[in-house]
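Here is the structure we will look at.
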Amino acid sequence: MRYKYIAKTINGTLLKDSFDCESIEELALYLREKELYLVKSTIIKKINTNSRRPNQKTISIFCKQFSVCLRSGIPICDILNLLYEQMLHKAIKKSLISIRENVQKGNSLCASMKKTTNVYPDFMINMIYLGEESGKLDIILEELSKYYEKEHKLLKKFTNSMIYPCTVFITLMIVSLFLLIKVIPIFIVNLNSFGAEIPLITRLVIGSSNFARSNLLWILIVILILISVFMKYIKTQSGRFIFDKFKFICPIFGPVYKRLIYTRFSRGLNILLSSGVGLLRTFEIINDVIENKYFKLRLKSVSNDIKKGKDLASSLNAMNLFPQFFVAMIKIGEETGNLDGMFLTAADIFYEDAQENVEKATVLLEPIMIIFLGIMIGTIVLAVMLPMLSVMDSAGKF
């Protein structure tokens, strides 16, 4: 939190300033070290609580710049000043003020970053801790830069591939509602004037039109309520678990999502193992990378098996989630002592596989959406044409 304070010097001079810290006690201690005495303080705001969290691309650039500066021999406090001056992202820019002040007080970079909320990923902070402990902070930051860069590219490709199907679906709903609410009522008036026989499909469409026009506001309210209930439900433990499990078994998007998780899992393990982290500790840290509750629960069995002395390949195979080629690669990595290298190779394979699955999902979704659109519009057109043909047939008999 940021505190605005009034402090008094030994000579009785009053000073006004602001400072980022966790509590009033910490503020008072900070001022005491500067031979100042706290007179009054007020909380201005909480740091970064409501700020937009940076995406993977921004984090990647941040790690890259930090790594380059470290390799150039620049002290960390000076690096934080440089990054603050050129940083465009508001959340990171604000956090750098707090981080710099905490580092100047003698705290580690990792501990200083932990005090900022909703800005840096937990995995990144844990890796920086390992970098500081091992003296390889510049190397760790370089690896993190590559890691988040690939994460960004893959997620961006997936998001871009969903633009067309979503656009088609939204267009479908707008056209269908327009026909039901505006076109069908006019058709009903004309149809009644002719006294024509109304087929079943037309009666169903007319009923849907009348219901939509009469209850449009209630329909929108119910939809909003359902969306709100769903969003609240998936924030609960059970709801999040069920939703995360659904992501794995979803017919079209499931294969893409699984490859995203596998890529993140493999690349995270590669970075940790190549940094000298033990296997058991690696699986404890990797939970910060994987956000899927279902996958996390299944991964706990692997940690338990490692504690019992079982080999990693058989433990991963028992999860029944990973493809067999991945299990075989891990087994070879254990036997040859090149486990981190195998995880890197697997991550690259999963990354390429995820890109292919994104393209397959897009190709599969396009005809499905077109068929769905055709059925919806075709049903409405058929409901309009059948009575008209009946009227024309009756007129022909006269």
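Computed values, structure above
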quantity: Residue under evaluation Leu154, criteria (1) more than 27 Å from the chain's Cα centre (by Cα); (2) within 22 Å of Leu269 (Cα to Cα); (3) crowded, with 18+ Cβ neighbours inside 10 Å, criterion not met; calculated: (1)
quantity: Pair list, Cβ < 8 Å and 6+ apart or interchain, from segment 342-360 residues that are farther than 24 Å from Met162 by Cβ to residues that are modelled with pLDDT under 85 and open to solvent by 50 Å² or more (accessible area, probe 1.4 Å); calculated: Leu344/Ser274
quantity: Output for segment 123-151, where each listed residue is open to solvent by 50 Å² or more (accessible area, probe 1.4 Å) and either farther than 20 Å from Tyr262 by Cβ or of a type in the set (Phe, Trp, Tyr) (or both); calculated: Tyr129, Glu132, Glu133, Ser134, Gly135, Lys136, Ile139
quantity: Selected residue (only one of Gly135, Gly131, Gly106 is of a type outside the set (A, V, I, L, M, F, W, C) and more than 22 Å from Thr282 (Cβ to Cβ)); calculated: Gly106
quantity: Close pairs (8 angstrom Cβ cut-off, 6 or more residues apart or separate chains): within 11 Å of His89 (Cα to Cα) in segment 48-77, at pLDDT below 90 and open to solvent by 50 Å² or more (accessible area, probe 1.4 Å) anywhere; calculated: Ser51/Lys90; Ser51/Lys94; Ser51/Asn118; Arg52/Lys90; Arg53/Asn118
quantity: Set Gly276, Gly268: member being more than 15 Å from the chain's Cα centre (by Cα), closer than 23 Å to Lys307 by Cα, touching a residue at least 40 places away in the same chain (Cβ under 8 Å) and open to solvent by 60 Å² or more (accessible area, probe 1.4 Å); calculated: Gly276
quantity: Number of the exception - Ala28 against (1) outside any helix (DSSP H, G or I); (2) modelled with pLDDT under 80; calculated: (1)
quantity: Unique residue being more than 12 Å from Tyr147 (Cβ to Cβ) and either out of contact with any strand residue (DSSP E or B) (no Cβ under 8 Å at 6 or more places or on another chain) or assigned to a helix (DSSP H, G or I) (or both) when the list is Leu280, Leu269; calculated: Leu280
quantity: Any pair with Cβ under 8 angstrom, 6 or more apart, that starts in segment 124-137 at a residue that is over 17 Å from Ser60 (Cα atoms) and ends at one that is modelled with pLDDT of 85 or more and hydroxyl-bearing (Ser, Thr, Tyr); calculated: Tyr129/Ser108; Glu132/Ser108
quantity: Condition met for Glu366 (open to solvent by 30 Å² or more (accessible area, probe 1.4 Å), modelled with pLDDT under 80 and part of a helix (DSSP H, G or I)); calculated: yes
quantity: Unique match (being open to solvent by 50 Å² or more (accessible area, probe 1.4 Å), touching a residue at least 40 places away in the same chain (Cβ under 8 Å) and out of contact with any Asp or Glu (no Cβ under 9 Å at 6 or more places or on another chain)) among Leu224, Leu200, Leu179, Leu204; calculated: Leu204
quantity: Residue within segment 373-396 that is within 30 Å of Glu151 (Cα to Cα), at pLDDT 80 or above and open to solvent by 40 Å² or more (accessible area, probe 1.4 Å) present; calculated: no
quantity: Matching residues, segment 329-369, being among the small types (Gly, Ala, Ser) and touching a helix residue (DSSP H, G or I) at 6+ places or on another chain (Cβ under 8 Å); calculated: Gly333, Gly341, Ala346, Ala347, Ala354, Ala361
quantity: Unmet criterion (only one of (1) at pLDDT 85 or above; (2) outside any helix (DSSP H, G or I); (3) under 30 Å from Lys156 (Cα atoms)) for Val327; calculated: (2)
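The values are calculated or read from the model by the stated rules, or taken from the named source; none is laboratory data. As the structure is a computational prediction, the values presented were derived from the model and not from experiment. Positions of Cβ are generated from backbone atoms using ideal geometry, with glycine treated the same way; all protein chains shown enter the neighbour counts. Just the protein is used for accessible areas: all its heavy atoms, side chains included, with ligands, DNA and RNA removed. Shrake-Rupley method; radii C 1.70, N 1.55, O 1.52, S 1.80 Å.
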